[in-house]
Amino acid sequence: MKPKFIEVTNNNKNWGKFMVTKFYEDASIPSQITPTQSLMSACGWTPHHIMVFDLQTGEGAIFMPGGMAAADLDKHKIWVCPMFEPFLKWLYKQYRDPKFDLDKLPPLLDLPNAEFALRGHRREGV
């Protein structure tokens, strides 16, 4: 894994701090229990999945970009800062580009239309 750290704001009202990573060579590490299968594939993860970790709340999850960010966050029920959902929506949009490169994402991102909130919250989930 190679982490990418990205700070996200909405005109300096909220400040999100995230670590995003993908499984690169890690995806082929064999399982010690079933050596013919990679450990990541045994868990259901592929090189297309991304892990997004909120540095402020200390929580994160593994996502398959392409779905709905809100539904994916509800599924995981993680504690999120106000910028997590807008950032995840933005990240999913970037991921649709066939030339997506995690290393080329900006270290600072302004999402001016993201809603302001006084504090983070735990997603209630489904």
Of the numbered conditions (1) touching a strand residue (DSSP E or B) at 6+ places or on another chain (Cβ under 8 Å); (2) modelled with pLDDT under 90, residue 35 satisfies every one except a single condition; which is it? (1)
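Taking strands (runs of 3 or more DSSP E) that fall entirely within segment 27-126, which contain at least 1 residues that are out of contact with any Ser or Thr (no Cβ under 7 Å at 6 or more places or on another chain) and among the small types (Gly, Ala, Ser)?
Numbers: elements: 50-54, 59-63, 108-110.
Result: 59-63.
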What is the residue count in segment 15-39 for residues that are in contact with a helix residue (DSSP H, G or I) (Cβ under 9 Å, 6 or more places away or on another chain) and either of a type in the set (Asp, Glu) or touching a residue at least 40 places away in the same chain (Cβ under 8 Å) (or both)? 6
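Can you work out which of the residues in segment 90-121 that are among the acidic types (Asp, Glu) and in contact (Cβ under 8 Å) with a residue 24 or more places away in the chain is surrounded by the fewest Cβ atoms within 10 Å (Cβ to Cβ)? Let's see the steps before the verdict.
Kept after step one, since they are among the acidic types (Asp, Glu), are these residues of segment 90-121: 97, 101, 103, 110, 115.
Imposing the further condition that a residue be in contact (Cβ under 8 Å) with a residue 24 or more places away in the chain reduces the set to 103, 110, 115.
Numbers: 103: 6, 110: 13, 115: 12.
The residue in question is 103.
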Tell me yes or no: at least one residue of segment 25-47 is charged (D, E, K, R), surrounded by fewer than 18 Cβ atoms within 10 Å (Cβ to Cβ) and in contact with a Gly (Cβ under 6 Å, 6 or more places away or on another chain). no
Could you tell me whether segment 72-89 includes any residue that is crowded, with 19+ Cβ neighbours inside 10 Å and aromatic (Phe, Trp, Tyr)? yes
Quick one: in segment 40-89, which of the residues that are free of Cβ contacts under 8 Å to residues at least 40 places away in the same chain and polar (S, T, N, Q) is farthest from residue 19 (Cα to Cα)? 41
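The values are calculated or read from the model by the stated rules, or taken from the named source; none is laboratory data. It should be emphasised that the depicted structure is a prediction, and the values quoted were computed from it without experimental measurement. Reconstructed Cβ throughout: ideal geometry from the backbone, glycine too, with neighbour counts over all protein chains shown.
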